[in-house]
Amino acid sequence: MTVGRIGDREIDFVCNRSGEKLYIQVAYLLASEETIAREFGAYNSIRDNFPKYVVSLDEFDMSRDGIKHRNIRDFLLMDEWD
């Protein structure tokens, strides 16, 4: 697991295993448009089709543009990442 950097943006976690990747952005809450734009926008330069997640304490799903949003508890209890 590493931290990814693309220009001035950072991906919190980049997980690699057997040629597969998983990208994870973590935020406490997605309480403002600025925070939402920052967390989801971190993926703008990544053009591959590996799973991309924004994880927070928010209970409602704010997934967009193929990027999945998950509550931290639900994310940690997932059997598989899709």
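Worth pointing out:
- Estimated purely from DSSP H runs of n ≥ 4, each contributing -39500 (n - 2.57), the mean residue ellipticity at 222 nm for the chain is -4500 deg cm²/dmol once divided by its residues.
- Remark: the stretch 70-76, residue by residue, has Karplus-estimated 3J(HN,Hα) of 9, 5, 4, 5, 5, 4, 5 Hz, where x stands for each Gly or Pro and the curve is 6.51 cos²θ - 1.76 cosθ + 1.60 at θ = phi - 60°.
- For the stretch 4-82, applying the loop criterion from DSSP together with a ceiling of 14 other beta carbons within 10 Å to the GluC sites (Glu not before Pro) yields Glu59, Glu80.
- Cα gyration tensor shape of the chain, rounded if a/c is under 1.5, else prolate or oblate by comparing a/b with b/c: oblate
- Leading residue at positive end of dipole, the chain (Cβ point charges), from His69, Ile36, Gly19: Gly19
- Sequence-separation-based contact order of the chain, relative, with Cα cut under 8 Å and 6+ spacing, percent: 21
Throughout, read-outs are computed from the coordinates displayed, never taken from laboratory work. Remember, it's a predicted structure, so these values are computed and weren't measured experimentally. Please note: Cβ atoms are built from the backbone with ideal geometry, for glycine as well, and neighbour counts cover all protein chains shown.
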